[in-house]
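Engineer: Sharing a structure below in structure tokens format, with a few things to ask.
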Amino acid sequence: MRNVVFIHTNPKQMLGAMVARHALIRHSAAPERFEVRILSTTDFPQLQRFNGRSYLREGRQVVWRNDDSQSFTPLRFAAPEQMGYVGRAVMTDPDVFALADINELFERDMGGAAVMARPVPGEARSQPDYASSVMLMDCARLKHWAWEADFEKVFLGKYDYRDWMWLRLEPPGSVAPLEPQWNDFDRLQRETKMLHNTQRRTQPWKTGLPADFTLRGLTLRKRIGASVRRARAALTGTHPTGYYEPHPDPAQEQLFFRLLGECLEAGSISESLLRSEIDSQNLRVDALDKACAAMKGSARAPAPVSLR
């Protein structure tokens, strides 16, 4: 049985998932040793029964929306079931792009842990929180993961969504830390193995589009910021959650469009699909031009992305 990388997504982020699949294969010396499967919310009709219901998040009741750009997150916990609770799997968000061979991660000694994930920085707790956006999993040790039933518990108030996402519900000692470079949050450096464009507002392929995610936040500053945006939108008639902004690191934008250009060149993504995604406002309006420019640039220079 081959190892499997799962990329969970929804229609709004499907293009990112397709580019992420390309990056995994492109940067592996032995891509035949693993399989890449994209898990889309459209393939899980069970999610429909949660739409519009209130659930517990960060201690408050909020409404779940299947049309949110991150509505795929419950599927982070679907991999062990998809694997029949055997073998190893990696789960990643659709905005995570490999720059190293994923086989290196599959071959890791997990030290008896069921999951390996990056600790969440800056959280003052006796036990670390973990970012479930990239996970290495020993599926045989995760037979207690049943994503649909666990998601229902979030709506019943038995679990807090944040506790579930940050792996706080796992048995003590079952989660081991993964080095930050395997889930590098908006940081592209020489040691980066998997780049995660984690700041939704600055995802490079969305710049200029109306923001299609729900504003959340634990801090007072974030809550005030969300309130200000909504008030400004009401006065000006603009989009209530604002717009996607340029990524502060041009190299990360350049990397994405280089990968997208390679997908066009290889035929794994078609020009007609890009035009359809632009029309659907899932992709910035100049994406095709940027991808074509990236292809021309890569023909002139084998390594156009400069790493600090």
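Engineer: Counting just the residues of segment 17-55 that are farther than 21 Å from residue 101 by Cβ and of a type in the set (Gly, Ala, Ser), which one comes out surrounded by the fewest Cβ atoms within 10 Å (Cβ to Cβ)?
Structural biologist: To start, the set of residues in segment 17-55 that are farther than 21 Å from residue 101 by Cβ comprises 39-55.
Narrowing further to those that are of a type in the set (Gly, Ala, Ser): 40, 52, 54.
Working: 40: 17, 52: 10, 54: 12.
Across segment 17-55, the extreme among qualifying residues is 52.
Engineer: Quickly run through segment 250-273 and pick out the residues that are touching a residue at least 40 places away in the same chain (Cβ under 8 Å), of a type outside the set (Lys, Arg) and within 15 Å of residue 18 (Cα to Cα). Walk me through it before giving the result.
Structural biologist: From segment 250-273, those touching a residue at least 40 places away in the same chain (Cβ under 8 Å) are 251-260, 262-263, 266, 268-269, 273; that's our starting set.
Still in the running and of a type outside the set (Lys, Arg): 251-257, 259-260, 262-263, 266, 268-269, 273.
Scanning segment 250-273 gives 255, 256, 257, 259, 260, 262, 263, 266, 268, 269, 273.
Engineer: Could you give me the residue pairs with C-beta distances under 8 Å whose first residue belongs to segment 163-181 and is closer than 17 Å to residue 91 by Cβ, whose second residue is small (Gly, Ala, Ser) and assigned to a loop (DSSP other than H, G, I, E, B) wherever it lies, and which are 6+ apart or on separate chains?
Structural biologist: 170/114; 174/113; 174/114; 175/113; 175/114; 176/111; 176/113
Engineer: Quick one: which of 129, 95, 109 is of a type in the set (D, E, K, R) and in contact with an Asp or Glu (Cβ under 6 Å, 6 or more places away or on another chain)?
Structural biologist: Details: 95 fails: in contact with an Asp or Glu (Cβ under 6 Å, 6 or more places away or on another chain); 109 fails: in contact with an Asp or Glu (Cβ under 6 Å, 6 or more places away or on another chain).
Only one candidate passes the filter, namely 129.
Engineer: Identify, from the list 134, 154, the residue that is under 16 Å from the mean Cα position of the chain (by Cα) and β-branched (Val, Ile, Thr).
Structural biologist: Working: 154 fails: under 16 Å from the mean Cα position of the chain (by Cα).
It is 134.
Engineer: If you don't mind, there's one more thing I want to ask. Among 7, 25, which is the only one that is under 17 Å from residue 197 (Cβ atoms) and among the aliphatic types (A, V, I, L, M)?
Structural biologist: Working: 25 fails: under 17 Å from residue 197 (Cβ atoms).
From the options 7, 25, the qualifying one is 7.
Engineer: I've got another one for you. Looking at residue 167, is it in a loop (DSSP other than H, G, I, E, B), of a type in the set (A, V, I, L, M) and out of contact with any helix residue (DSSP H, G or I) (no Cβ under 6 Å at 6 or more places or on another chain)?
Structural biologist: Values: in a loop (DSSP other than H, G, I, E, B): yes; of a type in the set (A, V, I, L, M): yes; out of contact with any helix residue (DSSP H, G or I) (no Cβ under 6 Å at 6 or more places or on another chain): yes.
When the stated conditions are applied, residue 167 passes them.
Engineer: Now, a different point. So, of the residues in segment 173-185 that are farther than 13 Å from residue 100 by Cα and out of contact with any strand residue (DSSP E or B) (no Cβ under 7 Å at 6 or more places or on another chain), which turns out to be surrounded by the fewest Cβ atoms within 10 Å (Cβ to Cβ)? Walk me through it before giving the result.
Structural biologist: Just the residues of segment 173-185 that are farther than 13 Å from residue 100 by Cα, to begin with: 173-180, 185.
So of that shortlist, the ones also out of contact with any strand residue (DSSP E or B) (no Cβ under 7 Å at 6 or more places or on another chain) come out as 173, 179.
Details: 173: 11, 179: 14.
Here the residue is 173.
Engineer: Turning to a different aspect of this structure: Which helices (runs of 4 or more DSSP H) sit wholly inside segment 186-280 and have at least 1 residues that are of a type in the set (Ser, Thr, Tyr) and at pLDDT 95 or above?
Structural biologist: Details: elements: 220-236, 250-266, 271-279.
So the answer is 271-279.
Rundown of residues vs (1) of a type in the set (D, E, K, R); (2) in a helix (DSSP H, G or I); (3) in contact with a strand residue (DSSP E or B) (Cβ under 9 Å, 6 or more places away or on another chain), yes/no style:
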site	(1), (2), (3)
7	no, no, yes
12	yes, yes, no
16	no, yes, yes
21	yes, yes, yes
24	no, yes, yes
36	no, no, yes
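Matching residues to (1) modelled with pLDDT of 95 or more; (2) under 29 Å from residue 255 (Cα atoms); (3) in contact with a strand residue (DSSP E or B) (Cβ under 7 Å, 6 or more places away or on another chain); (4) in a helix (DSSP H, G or I):
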residue: 39; (1), (2), (3), (4): yes, yes, yes, no
residue: 65; (1), (2), (3), (4): yes, no, no, no
residue: 68; (1), (2), (3), (4): no, yes, no, no
residue: 71; (1), (2), (3), (4): yes, yes, no, no
residue: 76; (1), (2), (3), (4): yes, yes, yes, yes
residue: 109; (1), (2), (3), (4): yes, no, no, no
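Engineer: Of everything in segment 253-290 that's buried (at least 20 other Cβ atoms within 10 Å of the Cβ) and polar (S, T, N, Q), which residue is farthest from residue 196 (Cα to Cα)?
Structural biologist: For segment 253-290, the residue satisfying everything is 282.
Engineer: Next question, about the same structure. Restricting to segment 186-214, count the residues that are hydroxyl-bearing (Ser, Thr, Tyr) and either surrounded by fewer than 17 Cβ atoms within 10 Å (Cβ to Cβ) or closer than 14 Å to residue 105 by Cβ (or both).
Structural biologist: Filtering segment 186-214 down to residues hydroxyl-bearing (Ser, Thr, Tyr) leaves 192, 198, 202, 207, 214.
Still in the list and also either surrounded by fewer than 17 Cβ atoms within 10 Å (Cβ to Cβ) or closer than 14 Å to residue 105 by Cβ (or both): 192.
Final tally of qualifying residues: 1.
The values are calculated or read from the model by the stated rules, or taken from the named source; none is laboratory data. Every value quoted in this text rests on a predicted model; they were computed, and no experiment measured them. When we count neighbours, we look across all protein chains shown, and the Cβ atoms used for this are built from the backbone with ideal geometry, even at glycine.
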